[in-house]
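The values are calculated or read from the model by the stated rules, or taken from the named source; none is laboratory data. Not measured: the values here are computed from a predicted model. Here Cβ is always computed from backbone atoms with ideal geometry, including for glycine, and neighbour counts include all displayed protein chains. Surface areas here come from the heavy atoms of the whole protein model, side chains and all, with no ligands, DNA or RNA. Shrake-Rupley method; radii C 1.70, N 1.55, O 1.52, S 1.80 Å.
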Protein chains: 2
Amino acid sequence: MKNVSFQSKNVAGYVSSQELKSVFSVIKLIHEALIKKECPGNDSIGWLNVDSTINKELVKDIDETAKDIRKNCDVFLSLGIGGSYLGAKAAVEFLKPNFFNEFKNERPKIYFAGQNLSADYLSDLLKLIRGRRIIVNVISKSGTTTETAATFRVIKKYLETLYGKKKVKDKIICTTDKREGALRRMAKEQGYKSFPIPDDIGGRFSVLTAVGLLPIACAGIDIKGLLEGAADFEKKCNILNLEQNPAYKYAAIRHVLRTKGKTIEILSCLQPSLRYVAEWWKQLFGESEGKKGKGIFPVSCEFSTDLHSLGQMIQEGRRNLFETFLIVDNLNAKISIPRDKANLDGLNYLAGRDIEYINNTAYQASASAHYEGGVPNMTVSIPKRTPRYLGQLFYFFEKTTAISGLLLGVNPFDQPGVEAYKKKMFKLLGKPKK
Amino acid sequence: MKNVSFQSKNVAGYVSSQELKSVFSVIKLIHEALIKKECPGNDSIGWLNVDSTINKELVKDIDETAKDIRKNCDVFLSLGIGGSYLGAKAAVEFLKPNFFNEFKNERPKIYFAGQNLSADYLSDLLKLIRGRRIIVNVISKSGTTTETAATFRVIKKYLETLYGKKKVKDKIICTTDKREGALRRMAKEQGYKSFPIPDDIGGRFSVLTAVGLLPIACAGIDIKGLLEGAADFEKKCNILNLEQNPAYKYAAIRHVLRTKGKTIEILSCLQPSLRYVAEWWKQLFGESEGKKGKGIFPVSCEFSTDLHSLGQMIQEGRRNLFETFLIVDNLNAKISIPRDKANLDGLNYLAGRDIEYINNTAYQASASAHYEGGVPNMTVSIPKRTPRYLGQLFYFFEKTTAISGLLLGVNPFDQPGVEAYKKKMFKLLGKPKK
């Protein structure tokens, strides 16, 4: 059976086996510390064990809720920010067709809000969904995150105007802390349906909890497949061997590269449907590592588009970069290049070739050209756009992040710096002190 | 009258007036060299003079063509990559409502293709537009750019199947070189309607030529306003005074910051509608500067979303960053936060406040927090989402790029490194030699 796979031949000359061996000796210690829960942030590593994050009854509940929503609703509106939205958005965009909300027969439409404070965005969205049967899933551990809470207030009032106060109860589902917080209290008092967020899993690691799974299931995606894929890779990414464990290999290479002045990592995606996987990846690595003046800055590109945009910079700019390609081996569609008698564009040498074959060649050519230009690179291959493989990918990146952050000497599971702008914002807004 | 404006108080302590004065003495020389056309890449600075890039008859022709298309077509499909697509996409996304293609009364729908080689993307798009009245605008100076040419072949065949070979002629508009190249020959031989790309303007500077203007006009946007805005800023950005010329000030600050190890610039946008303005900006700066091992790596964020994603990294990660905020002063919509009796989320202190007021406060708070955290930053303010202000913004960034690149000692108007992957790709694909 195929799996998500990792290869790194294009780091030769930048990373030696001696260096990897030396890093691996530290990874061994981290491996033990994670098992014994003796690492920094050890109260936030629940995601490590996929089965512990969610039980069968909960999966069944999510699946049945989603089935009901898919039958009775036109619009599923997910409210959340950061880790409460990027994982679900990544899965939906990767596994659904491009432009999925625009297809007439797609139901429910899936929209995200509460991730920003743009009046125009919210206003346009409300216009768009007016008159349709809406269900809202509000996702926030505390229930007081400004963006999501403010948007929820607006949406709730909007629903009340449409349906009347009494009926609104059935239009709202909360995903929040099991016991505490504003949203939990609201759910109890108003009688909203609710799903729990585990205590020991932080936002950016929460895609395989109810946080991600409910929106994903509502998009008609097989969440069991997603969880099975993650469980596959829980095993694979726990093997104490650098060659057999892609997460340990990837983390080790990243560590060596950053000690050599490679301060930017580009995730170069070869499919537009990977865009939000990249956004999720950026939060995962950036928020886990960016502490104490350290960390690799995570950037994403969409190829081949961006070969005609940032390609010049990657090829010949400052040599502080390395790159991780993210490719899909087998697409859903096949489209071949037609032959053209006149051949004015000179493309007849490609006639009969699948467009995706050229795409794959563009990947190979850029990986090789960038390497020769001074940008070491690796490749993560996804066999197909399926829930199982996406589950594998999610787990692979999460485990890599944990190892990477611990190698760097930071707590990869906290985000103390996110408070800085909030404090200032609350002061400017005149938020009352408790 | 208001204008796009630039402020830089949050670089204090990083950039001194003495340093700026010293950079300005070089800018003066560049200013003269641009006027005398004695700078590197002087055959590609046609965009400097807005009126010279496009004449009134051409604007009239574009406007009338667009009017006809808006009356008779359901789908406007723009094929192009890099500079042949990002400017138009930026304008359409910034000036149209969010989700514009999803509104029933929006016509024509505007789609972009030929910017990638994804079989799934193209296949999904073709399914989506089946049965609708389609017009295709293929944009390529040479007509042989692989992505666009391959996609054009597929689309042409698709149209032929739908409409028959004869009628396809009226469904295609070419934007290409005035005299030469594959697409120009095709236009002549097949009798396609066509628009010219000026000789002295490279792709990433071409948004205010037919390249950008036809798709923008087809989206129902006032292109005269766009051109007038650019002309406003042509004057403003030609004043030989650092305090009165925002492009010279921005370029000077960027130059000082990069000499101090600030190797990443983040364009932090406070509106989702600015996403493709950021993508356009990334190509503009990245492709102009990324040469000879130099250049600032351009990155974009979408706030406040990304404050809960990359915010941690910006606040406390490696201090190799500076930031340029891009904000919109007055939105189209106003949405106020409702009061809630129970106040479980504690947001009643914001009741009655406009959501955009909180957004603006989030901007102020993050600018201040990032500055105190070691990230100098500047702000570009757009008074409103109008064509005129977007024209000002386009010109402002273009002029800044030119000055920045010339200060860096590179030719900001070429892109030699883009050939590297192409050469390898053609070899792998077995492209016949001419």
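Would you mind giving the total buried accessible surface between chains A and B, with a 1.4 Å probe and ligands, DNA and RNA left out, rounded to the nearest 100 Å²?
Protein heavy atoms only, the A-B interface buries about 10800 Å².
Mean 1/r over all different Cα pairs, inverted: what Kirkwood radius does chain A give, in Å?
23.1
Among all helices in chain A defined by DSSP H, which have a length of 18 Å or more along the axis from Cα atoms plus a Kyte-Doolittle mean of at least -1.0?
Going by DSSP H runs, the hits are A:17-35, A:146-163, A:223-236, A:246-259, A:275-289, A:355-372, A:387-408.
Checking buried surface per residue: for the range B:149-169, which residues lose a minimum of 30 Å² accessible area in the protein assembly relative to the chain alone (1.4 Å probe)?
B:150, B:153, B:154
How big is the antiparallel share of DSSP beta bridges in chain B, given as a percent to the nearest 5?
Here the antiparallel bridges make up roughly 10 percent for chain B.
How big is the equivalent ellipsoid of the range A:361-403 along its three axes, where each semi-axis is √(5λ) from the Cα gyration tensor, reported in whole Å from largest to smallest?
25, 16, 4
Within the protein assembly as shown, what percent of beta bridges assigned by DSSP are antiparallel, to the nearest 5?
Roughly 10 percent of the DSSP beta bridges within the protein assembly as shown come out antiparallel.
Can you tell me the alpha carbon radius of gyration of the protein assembly as shown divided by the globular rule-of-thumb value 2.2 N^0.38 Å?
Output field value: 0.91.
At residue A:33, label 7 Å along Cα→Cβ: distances to the other copies, nm, ascending?
5.2
Identify which of A:344, A:126, A:310 has the largest mean-square fluctuation in a Gaussian network model of chain A, with springs joining Cα atoms closer than 10 Å.
Ranking A:344, A:126, A:310 by mean-square fluctuation puts A:344 first.
Between B:411, B:245, B:72, find the one with the highest GNM mean-square fluctuation for chain B; connect C-alpha pairs within less than 10 Å.
Residue with maximal mean-square fluctuation among B:411, B:245, B:72: B:72.
Classify the range A:313-434 as rounded, prolate or oblate, taking a ≥ b ≥ c as the square roots of the eigenvalues of its Cα gyration tensor: rounded when a/c is under 1.5, otherwise prolate if a/b is larger than b/c and oblate if not.
Prolate, since a/c reaches 1.5 and a/b exceeds b/c.
Give me the orientation-averaged projected area of the Cα convex hull of the range B:199-297, in nm², one decimal. All intermediate terms of the calculation are to be shown ahead of the outcome.
Working: hull surface 32.7 nm².
With every direction weighted equally, the projected area is 8.2 nm².
At residue B:330, with labels set 7 Å past Cα in the Cβ direction, how many nm apart are the copies from this one, shortest first?
Taking the point 7 Å beyond Cα along Cα→Cβ, the inter-copy spacings are 5.8 nm.
Say a label goes 7 Å from Cα toward Cβ at residue A:12 in every copy; what distances in nm does this one have to the rest, shortest first?
In ascending order, 5.6 nm.
Just the C-alpha atoms of the range A:195-242: what Rg/Rh do they give, with Rh taken as the Kirkwood radius?
Ratio of gyration radius to Kirkwood radius: 1.05.
What's the center-to-center distance, using Cα atoms, between the range A:258-333 and the range B:257-277 in Å?
16
Could you tell me what percent of the DSSP beta bridges with both partners in the range A:48-224 are antiparallel, to the nearest 5?
Bridges in the range A:48-224 that DSSP calls antiparallel: roughly 0 percent.
Would you mind estimating how fast the range B:48-224 diffuses translationally, via Stokes-Einstein at 37 °C and 0.692 mPa s with the Kirkwood radius over Cα pairs, in µm²/s?
Working: Rh = 16.1 Å.
For these conditions, the coefficient is 203 µm²/s.
Quick one: length gained pulling residue A:133 to residue A:71 fully straight, 0.36 nm per residue minus the C-alpha distance?
21.2 nm
Using a 10 angstrom cutoff on alpha carbons, build the Gaussian network for chain B and name the most mobile of B:155, B:216, B:337.
Largest GNM mean-square fluctuation: B:337.
From the phi angles alone, apply the Karplus equation (6.51, -1.76, 1.60; θ = phi - 60°) to the range A:329-338 and give each ³J(HN,Hα) in whole Hz, x where the residue is Gly or Pro.
Those phi angles translate into 5, 10, 7, 6, 9, 10, 9, 9, 6, x Hz.
For the range B:376-434, what does the accessible surface come to per residue with a 1.4 Å probe? Please give it in Å².
Ligands and nucleic acids excluded, the result is 35 Å² per residue.
Before I look further, what does the range A:48-224 give for accessible area per residue, probe 1.4 Å, in whole square angstrom?
On a per-residue basis, the range A:48-224 sits at 37 Å².
With a 1.4 Å probe and all protein chains left in place, how much of the accessible area of chain B comes from carbon and sulfur atoms, in whole percent? Intermediate results must be reported in sequence, preceding the final value.
On the way: 7570 of 15540 Å².
Carbon with sulfur: 49 percent of the solvent-accessible area.
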